[in-house]
Each structure stands twice: as C-alpha cells, then as structure tokens.
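Below is one structure, written out as structure tokens, with a few remarks after it.
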Amino acid sequence: MPDEVRVRRLEVQEWPRYREIPMLVESDHILRVVPVDGGLGGLKFIKTKTPHFTKDLGAYDDPVSDAEHFGGGWFFFGAYCGESLAGGAVVCFRAAKVDLLEGRKDLGVLWDLRVAPDYKRRGIGRALFDAICKEARSEGLKELKIECQNNNYPACQFYKKQGATLAKIDTRAYATEPAVAEETQLIWYLNL
C-alpha cells in the first residue's frame, strides 16, 4: 500500500531541501503552435507526437535563490510520502522586482511545482496545488498566474484540469535564449 501523502508549508530554514526534488518533464508530445491566416485568424495548437524526451527544468531555475534575490512574499510547500520529500510547490507574491506579478498585490505566481519521478501519478501534484491555492487565498490573493511551455504537455493538461485558463501565448518569449528559443511561453490564470 502506498504511503499517505502529507503536504505542509516549509519553514524558511527548510527551503534549501527543496533543491533535492528533481524537476523533470517527461513526454512524447508537444503542443505545436501554428498561426492561422498569418496570425490574423489566431493561433492553433496541434498535439504533435515526438520521440520520448526528458527535460530537467530544475537546471533553469532555483526557487530558493530566486526568493532571496527578488524579495517579496514567498511560500514553499513540501509533499511527503513517509519520510521522503516527494514533491514541492512555490508561490511568489507582492515582490516588486518580479515582472510576472504585473505590479498587482492580489496576484500570485506559481513559481515552481515539481514531483519526484518515483512519486508521479499518485495525486501529489494535485495535493500540492490544492495546498498552495488555499494558502494563496489566506494571503489575500485573488488570482494565480502560471507559466509553462508548449513542450510541457503534461503540465498543460494538469493546469487545465485544475481549472486554469490559458490566457497568453508568446511564441517569441525565449527568442534570445538559444537553448530554448523554439519554445512557446504559455501563461495560465486561475481565479482563487
């Protein structure tokens, strides 16, 4: 029988443990973004089969360092199975240096959500998402903003299932970053 999942807010001194949780995306699909009528007819997503790939999103971002650098409000949650830290989620809010917050005091950004590979498909992502939404509401936030990319098909499906709405698509967001220039930025919003 699988261990019970326990989710709790991490104390600041526990934040460095968050780095122990891998943030790997595995998929064999992407959402290819195709302009309709040169873009005047909008954009169309085409679910496209690809060779199976794994991408380490943890290589691009360190939420602990980001929290120290940007300041503002942050909360980190950990999900435990037995004694193992199986997943985590981070939300940033009221941080003046974070452009994703749009200068709003009632908006939080889901900075990071990760589940260790051995613990995926056990409801841990959902438990973390529920916990951060509850905490965000208790902080007075009205909306949660979520960034992901078109090659993270599992995340797109997850956020849609949680009730988030895709509101922004930027095919050029990463154009100046050669390693990810072909990726499309997807911005989701969730009313809390």
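The values are calculated or read from the model by the stated rules, or taken from the named source; none is laboratory data. As the structure is a prediction and not an experimental result, all values here were calculated from the model. Cβ sites come from the backbone with ideal geometry, for glycine too, and all protein chains shown count toward neighbours. Note: areas computed on protein heavy atoms with side chains; ligands, DNA, RNA excluded. Shrake-Rupley method; radii C 1.70, N 1.55, O 1.52, S 1.80 Å.
Can you pull the percent of the stretch 83-192's accessible area that's carbon plus sulfur, 1.4 Å probe, other chains left in place?
Ligands and nucleic acids excluded, carbon and sulfur reach 46 percent.
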Of Thr54, Thr171, which has the most accessible area with a 1.4 Å probe, and how do the rest follow in descending order? Thr54, Thr171
Please list, by residue number, every one of the chymotrypsin sites (Phe, Trp or Tyr not before Pro) in the stretch 20-107 that is coil in DSSP and has at most 11 other beta-carbon atoms within 10 Å. Tyr60
In Å², what does the accessible area per residue of the stretch 95-190 work out to with a 1.4 Å probe? 50 Å²
If you keep only loop residues by DSSP, which GluC sites (Glu not before Pro) in the stretch 1-92 have at most 12 other Cβ atoms within 10 Å of their Cβ? Glu4, Glu11, Glu83
Using the alpha-carbon centroid of each, what span in Å lies between the stretch 1-58 and the stretch 111-188? 7 Å
Can you order the peptides 107-116, 153-162 by their average number of other Cβ atoms within 10 Å per residue, highest first? 107-116, 153-162
